[in-house]
Every structure is written in C-alpha cells, then in structure tokens.
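Below is one structure, written out as structure tokens; comments come after it.
The values are calculated or read from the model by the stated rules, or taken from the named source; none is laboratory data. Please read these numbers as outputs of a predicted model, since none were measured by experiment. Here the Cβ positions follow ideal geometry from the backbone for every residue, glycine too, while neighbour counts run over all protein chains shown.
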Amino acid sequence: MEETANFQGNENQPWSGGMHHQLSAETICEVARRHSFHTQDIIEELSMPIDPRITCKVQEYVMEGFQSSALINSLLETFCRGEVSIMEQHGATPVTALNIIREWNPGWPPSYFMVDNCQAEINALEIPFPDCKVILCDFHREQAWIRWMRASKHGLLGASDDILLLLRRIAQATTQESCDAALAKLHISSYWRDNKTFREWIHNTWLKNAQKWAWIYRQDRFNMNINTNNGIECQNRTLKYIECNLKATSVYRSYNASIPRFLQNRPKEFILHCVKRLSSAVDCRIQRAGNSFKVCSFSEHNKEYEVTLGNDESIPSCQCYD
C-alpha cells in the first residue's frame with residue numbers, strides 16, 4: 001500500500017500524510033496552448049485576483065466530481081449571473097460583510113461558525129475572526145461525499161453505501177479509541193487499498209482537515225448539539241422570498257401607470273404574464289356561473305376553459321395550462 005496514515009488527536013495536523021494532487025503534462029500543455037495568443041490587455045486582466053466566491057464554487061464542483069471545463073464554465077456563468085452579481089450591486093463581499101458585522105458588534109467574539117467545505121468561505125471567516133473555530137456542516141459534507149463517489153469516472157459505482165458507512169464511523173466517533181478503530185477499518189478496506197483516486201481524494205480533501213468535521217473535535221463546543229446549517233439556509237431562502245415580494249409592492253417603488261390597479265402588488269412573474277395577454281383579453285367572451293367563469297380560448301375557436309376563484313376550502317384554479 002502506497003500510503004498509510006495514523007489517526008492522531010492533533011488538531012494542527014490530523015491524519016497527516018504526504019499525498020498531493022499533481023497536474024499532468026497534458027493538462028499543462030493544454031492550458032499553455034489556450035493562453036498563448038492573448039493580447040497584453042487580456043494578460044493583465046488574467047493576472048487580476050480571482051473573486052474568492054468563484055474559487056469556492058470551482059472547489060465545490062471539483063469535489064463533486066465535475067471534470068469537464070466546459071460544464072464547469074457553464075455552471076460558473078450561471079452562478080456569476082446570480083449570487084455574485086447581486087452582491088456586487090450592493091458592493092458587498094463575504095470579507096467586507098463580516099468586517100461590518102464585527103464592527104457593529106465589538107463585544108461579540110464568536111466561538112464557532114459553520115460552513116460548507118469551501119476554503120474561500122473559511123478564509124473569509126478566519127480573517128475577521130481569527131479566534132473563531134470554523135466547522136463543516138454534516139449534511140453538506142455527506143452530500144459532497146455521495147456526489148463524488150457516485151460519479152462513474154471514480155470507479156466506485158455500487159460501493160458508495162459501504163464507503164459512506166466507513167466514513168460515517170470516522171465522522172461520528174466521539175472518543176480517540178473509536179476514531180482510531182474507524183480509520184483503521186478504512187485503511188484496510190479494498191476501496192482504500194485498490195482505488196488510488198479515492199485514496200488521494202479522501203485524504204487530501206477530507207482527512208487532512210478532519211478537525212473541521214469529525215465529532216471528536218466538537219465535544220465541548222455547544223450548549224445545543226447542532227451539526228448542520230440547513231435551518232439557516234432554509235431561513236435564508238424564506239428571507240429572499242420575502243424580499244422579492246416586498247420589491248414587487250408599491251411600498252418599494254411606484255408602478256407604471258400602464259399597469260392596471262388590480263395587477264399591482266402581485267408577484268413580478270404573475271404581472272408580466274398577465275400584461276402580455278391584456279390586449280387579447282379585451283375581446284374575450286366570459287360567462288359567469290356562481291364562483292366560476294367560462295372563458296373562451298384566445299387561440300382555439302369555440303374552446304372554453306373554466307376558471308374558479310376558490311373559497312375557504314379550495315385554491316383558485318384554471319383548466320388552461322397557460
């Protein structure tokens with residue numbers, strides 16, 4: 001076996017070893033070929049520092065098993081159009097935002113922060129809060145393990161459940177003895193012995209940073225035993241939803257005079273959907289029957305749809321898929 005690593009309860013160098021990722025000669029030549037015809041302006045632009053949020057996403061994609069540069073580039077473009085552009089509009093970055101929080105709370109020394117396995121996020125936290133311990137979310141740690149193992153190119157299809165059990169024993173061990181035993185079982189497994197790609201990935205990406213995710217390092221950290229940040233992420237999505245709805249109201253900004261009053265203070269997508277069809281609806285024939293309406297189709301002659309406004313027991317509905 002090329003590499004063994006003894007589990008030691010040393011927080012500075014847990015599961016230390018000597019394996020490192022290396023770029024192949026083909027990869028280096030390909031990178032050189034792609035950049036050999038750049039003008040001076042482009043070269044200067046390439047030498048500018050990379051936004052740590054983008055670095056973090058690249059790390060996530062690689063850990064999840066993506067190797068196609070075209071696919072990663074496409075995913076990054078989507079990410080930049082969304083999260084990064086929104087933050088740039090407000091002139092915010094993770095480091096500046098955390099520095100503001102620290103300035104607003106000079107008497108607050110946080111003991112712990114929980115993040116995903118993203119070095120850019122970890123660095124952003126450790127710079128303004130050097131005495132804070134950064135730990136990884138259990139849910140996203142396992143999610144990263146599963147995604148990587150289920151990528152066919154890693155040669156572990158059908159074995160992910162068995163390997164996950166080995167890794168969970170390491171992660172959830174609460175004593176030095178149980179940690180050593182769990183790590184030993186991993187090292188004698190055929191997956192560790194026969195699959196160099198797996199061995200290097202789990203060692204370099206996870207075992208070397210075990211103090212951030214193994215439970216043995218979390219014995220005295222909380223009054224409440226919280227190991228995931230899913231609740232915070234759920235709350236964040238709720239706040240984003242509230243923000244989007246708030247921005248769609250007349251309290252946030254005035255509506256254009258061409259928008260009918262009955263369409264104001266509605267979700268943006270709903271307003272745009274209805275406005276596009278207002279001109280066609282002018283000549284639409286409608287028949288009312290109690291709490292429902294018969295509405296003629298715009299595109300098919302003599303076709304009708306039933307529209308119901310709903311009541312205390314049912315939500316509004318329409319037979320038209322549009």
Is there any pair with a first residue in segment 187-204 that is without any contact (Cβ under 8 Å) to a residue 60 or more places away in the chain and a second that is assigned to a helix (DSSP H, G or I) and among the β-branched types (Val, Ile, Thr) whose Cβ atoms are under 7 Å apart and which are 6 or more apart or on different chains, and what are they?
Tyr191/Ile163
Being modelled with pLDDT of 85 or more and outside the structural domain of Cys118 (by TED's automatic domain parsing) narrows Leu239, Leu309, Leu263, Leu278 down to just Leu263
Give segment 174-220 a look and list any residue that's among the small types (Gly, Ala, Ser), more than 24 Å from Ile135 (Cβ to Cβ) and not in a helix (DSSP H, G or I), or say none.
Ser189
Of all residues in segment 267-322, how many are hydrophobic (A, V, I, L, M, F, W, C) and in a strand (DSSP E or B)?
7
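Condition check ((1) at pLDDT 65 or above; (2) in a helix (DSSP H, G or I); (3) within 22 Å of Lys240 (Cα to Cα)) across all residues:
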position	(1), (2), (3)
Thr55	yes, yes, no
Gln67	yes, no, no
Arg81	no, yes, yes
Glu88	no, yes, yes
Gly91	no, no, yes
Pro110	yes, no, no
Leu125	yes, yes, no
Output for segment 181-210, where each listed residue is farther than 23 Å from Phe139 by Cβ and surrounded by fewer than 16 Cβ atoms within 10 Å (Cβ to Cβ):
Ala181, Ala184, Lys185, Ile188, Ser190, Arg193, Asp194, Lys196, Thr197
Between Ser152, Ser111, which is more than 27 Å from Cys234 (Cα to Cα), hydroxyl-bearing (Ser, Thr, Tyr) and assigned by TED's automatic domain parsing to the domain that holds Val62?
Ser152
If Arg168 satisfies all but one of (1) surrounded by fewer than 14 Cβ atoms within 10 Å (Cβ to Cβ); (2) over 22 Å from Thr55 (Cα atoms), what's the number of the condition it fails?
(1)
Phe293: passes all of (1) over 41 Å from the mean Cα position of the chain (by Cα); (2) of a type outside the set (Asp, Glu); (3) at positive phi but (3)
Count of residues meeting criterion [touching a helix residue (DSSP H, G or I) at 6+ places or on another chain (Cβ under 8 Å) and touching a residue at least 40 places away in the same chain (Cβ under 8 Å)] in segment 151-165:
3
